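Worksheet: one structure, shown below.
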Amino acid sequence: MDAFVIQGGARLRGRVRVNGSKNACLPLMAAALMTDDPVVLTDVPDLRDTRNMASLLESLGCGVQFDGEHHRATLRVKDEGQSLAHYDIVRTMRASVCVLGPLLAKRGVAKVSMPGGCNIGDRPVDLHMRGLRLLGAKIRLEEGYMVAEAPAGGRLHGARVFLGGPYGSTVLGTCNVMSAAALADGTTVIESAACEPEVADLAKMLNAMGANITGAGTPRMTIEGVKNLHSVEHQVIADRIEAGTYIMAAAITNGDVVLDNCPIDALTALIDRLAQVGLEIQPADEDAKSVASDDMRQSIRVGSYRRLNPVHVVTQPHPGFPTDLQAQIMALLCLADGNSLITDKIFPDRFMHVPELSRMGASLIRNGPSVMVSGVRELIGAPVMASDLRASAGLVLAGLVARGTTTVNRVYHIDRGYEKMEVQLQQLGATIQRVEGSA
Ligand code: EPZ
């Protein structure tokens with residue numbers, strides 16, 4: 001298994017382009033199951049997860065031509081005979097569950113392995129099933145699979161669906177119910193819909209395919225079902241989590257970095273917290289704002305001062321602070337002048353990075369869903385073990401600034417969600433190499 005070996009201390013400088021969003025792309029790819037026509041996606045990141053999704057779709061009779069170099073995928077259903085999402089794929093990528101709504105909507109049947117828990121905690125799918133049942137689906141559990149069927153005639157029907165759960169709404173659950181409702185008979189209203197930009201991007205693509213969805217990006221969405229969807233070419237939104245990670249890489253190394261294709265409109269909570277920390281985020285060029293009128297594709301310049309102020313961070317559903325940036329901001333706050341408090345309200349057990357950061361000299365005290373971070377003068381390089389995608393990203397950030405050598409083992413987690421992270425960081429002047437790891 002590969003590892004990253006990082007010599008800490010280089011100040012990052014230069015320019016880097018943010019890739020298309022992994023978490024937008026996976027449900028967009030799954031939506032190709034909803035039409036017989038080709039679906040063309042551009043800005044598709046070349047990742048383990050997008051490759052896994054391509055394999056899953058192939059197994060469901062959807063041809064996928066993926067040009068990783070040009071970030072372009074063409075997907076077209078050839079055979080609707082196979083509607084089984086096997087455990088072997090679902091267990092490697094929990095997001096496989098987002099084929100459930102599209103399969104049910106178009107084919108009237110789906111058999112999808114129940115995803116298990118994962119390194120970031122307990123991850124039920126009760127809200128997905130509740131929503132789809134309200135649209136008329138019969139869903140039973142059989143040997144670890146959700147076996148779902150539309151009513152006689154094969155079409156679901158519109159309904160009022162509430163998707164709030166104990167930790168807020170559900171992103172992929174909203175994608176599943178929205179996709180299913182797009183081809184149902186009648187009107188569906190989703191209350192407490194997830195407001196994440198990835199949900200809005202899926203709605204945008206479905207509308208371009210002929211669906212009738214309003215309110216995406218707000219807690220109430222209305223979907224008027226249509227009979228068919230048709231072909232589309234769609235550019236995937238930029239990855240707000242990759243952007244946030246590189247912003248914090250610049251911050252932690254006291255660097256000066258320009259990020260192109262940066263979705264600042266989706267990063268308000270991060271920018272608010274980082275302003276408190278003392279980071280400067282400006283349009284990259286004097287007139288960049290007028291050149292790039294799209295706030296989801298801006299060029300920004302990140303500069304930082306040596307002194308970092310402590311802040312309190314609470315993760316929440318969008319537009320709150322994203323749980324997917326919690327590990328990264330923790331790495332940054334390890335070096336702030338004082339005590340910060342970080343609380344994860346989405347995944348209260350998502351703290352696998354805490355003991356690893358402690359091995360690098362961080363001062364962290366965890367109490368339930370919160371971690372008190374007492375700033376230290378420096379972090380010290382060490383061999384560390386990545387346990388999930390974002391935890392690994394947090395450890396890489398720590399390694400960039402730590403004294404000496406940090407080896408981040410098991411970077412296959414990073415390869416799930418960051419395209420060639422080491423190359424992006426090398427481009428900015430970091431001393432980071434991919435090597436064959438020992439763990
Ligand atoms: C998406 O997962 C993302 N994955 C996650 O990113 C992200 O952390 C998460 O949303 C929250 O923002 C993809 O988009 C592929 P949820 P998802 O359903 O949709 C609870 C990454 O690192 N819940 O919104 O699976 C759940 O336990 C990944 O890129 C229920 O109670 O997350 C959690 O506490 C990791 N019942 C909260 O809701 C349900 O049926 C939010 O989960 C579903 C979820």
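The values are calculated or read from the model by the stated rules, or taken from the named source; none is laboratory data. Worth saying up front: this structure is predicted, and the values here are computed from it rather than measured. Here the Cβ is made from the backbone with ideal geometry for all residues, glycine too, and neighbour counts use every protein chain on show. Heavy atoms of the whole protein, side chains included, go into the accessibility calculation; ligands, DNA and RNA do not. Shrake-Rupley method; radii C 1.70, N 1.55, O 1.52, S 1.80 Å.
Looking at this structure, is MET248 assigned by TED's automatic domain parsing to the domain that holds GLU422 and either more than 16 Å from the chain's Cα centre (by Cα) or within 30 Å of GLY9 (Cβ to Cβ) (or both)? Here the answer is yes, as MET248 does meet what is asked. Here are some residues: ALA382, ALA393, ALA386. Which one is over 26 Å from PRO319 (Cβ atoms), buried (at least 24 other Cβ atoms within 10 Å of the Cβ) and not polar (S, T, N, Q)? Among ALA382, ALA393, ALA386, only ALA386 is over 26 Å from PRO319 (Cβ atoms), buried (at least 24 other Cβ atoms within 10 Å of the Cβ) and not polar (S, T, N, Q).
If a residue must be outside any loop (DSSP other than H, G, I, E, B), of a type outside the set (Phe, Trp, Tyr) and in contact with a helix residue (DSSP H, G or I) (Cβ under 8 Å, 6 or more places away or on another chain), how many such residues does region 33-70 contain? The total comes to 16. Within region 303-318, being surrounded by fewer than 16 Cβ atoms within 10 Å (Cβ to Cβ) and either without any contact (Cβ under 8 Å) to a residue 40 or more places away in the chain or outside any strand (DSSP E or B) (or both) holds for TYR305, ARG306, ARG307, HIS312. Could you check region 196-252 and list, in sequence order, the residues that are without any contact (Cβ under 8 Å) to a residue 40 or more places away in the chain, touching a Gly at 6+ places or on another chain (Cβ under 6 Å) and not aliphatic (A, V, I, L, M)? Passing the criteria: only THR222. List the residue pairs whose Cβ atoms are under 8 Å apart, where the first residue sits in region 356-367 and is over 15 Å from VAL408 (Cβ atoms), the second is of a type outside the set (A, V, I, L, M) and part of a strand (DSSP E or B), and the two are 6 or more positions apart or on different chains. Close Cβ pairs (under 8 Å, with a partner that is of a type outside the set (A, V, I, L, M) and part of a strand (DSSP E or B)) amount to SER363/SER374; LEU364/SER374; ILE365/SER374. Applying the criterion of being assigned to a loop (DSSP other than H, G, I, E, B), modelled with pLDDT under 95 and not hydrophobic (A, V, I, L, M, F, W, C) to the residues of region 278-302, the residue that is nearest to the chain's Cα centre (by Cα) is ASP295.
Is at least one residue of region 10-20 of a type outside the set (Phe, Trp, Tyr), within 16 Å of the ligand (Cβ to nearest atom), more than 16 Å from GLN424 (Cα to Cα) and surrounded by 18 or more Cβ atoms within 10 Å (Cβ to Cβ)? No; the residues of region 10-20 include none that is of a type outside the set (Phe, Trp, Tyr), within 16 Å of the ligand (Cβ to nearest atom), more than 16 Å from GLN424 (Cα to Cα) and surrounded by 18 or more Cβ atoms within 10 Å (Cβ to Cβ). The condition of being touching a residue at least 12 places away in the same chain (Cβ under 8 Å) and surrounded by fewer than 19 Cβ atoms within 10 Å (Cβ to Cβ) holds for only one of ARG133, ARG107, ARG140, ARG160, that being ARG160. Just to be sure, is ASP344 within 19 Å of the chain's Cα centre (by Cα), among the charged types (D, E, K, R) and open to solvent by less than 20 Å² (accessible area, probe 1.4 Å)? The answer is yes for ASP344.
Among the residues of region 207-225, some residue qualifies, meaning at least one is open to solvent by less than 20 Å² (accessible area, probe 1.4 Å), of a type in the set (A, V, I, L, M, F, W, C), within 28 Å of ASP324 (Cα to Cα) and over 22 Å from the mean Cα position of the chain (by Cα). Of all the listed residues (ASP67, ASP79), the sole one being surrounded by fewer than 18 Cβ atoms within 10 Å (Cβ to Cβ) and in contact with a Gly (Cβ under 6 Å, 6 or more places away or on another chain) is ASP79. Given the structure, is TYR412 open to solvent by 10 Å² or more (accessible area, probe 1.4 Å) and farther than 22 Å from LEU364 by Cβ? Taking the combined requirement at face value, the residue satisfies it.
From the list SER192, SER231, the lone residue that is open to solvent by 10 Å² or more (accessible area, probe 1.4 Å) and more than 23 Å from the chain's Cα centre (by Cα) is SER231. In region 39-52, is there at least one residue being open to solvent by 40 Å² or more (accessible area, probe 1.4 Å), within 18 Å of SER113 (Cα to Cα) and more than 15 Å from the ligand (Cβ to nearest atom)? Checking region 39-52: not a single residue is open to solvent by 40 Å² or more (accessible area, probe 1.4 Å), within 18 Å of SER113 (Cα to Cα) and more than 15 Å from the ligand (Cβ to nearest atom). In this structure, does THR218 turn out to be outside the structural domain of ARG377 (by TED's automatic domain parsing), part of a loop (DSSP other than H, G, I, E, B) and not small (Gly, Ala, Ser)? Here the answer is yes, as THR218 does meet what is asked.
For region 369-408, filtering for residues that are modelled with pLDDT under 95 and either outside the structural domain of LEU357 (by TED's automatic domain parsing) or more than 16 Å from the ligand (Cβ to nearest atom) (or both) leaves 1.
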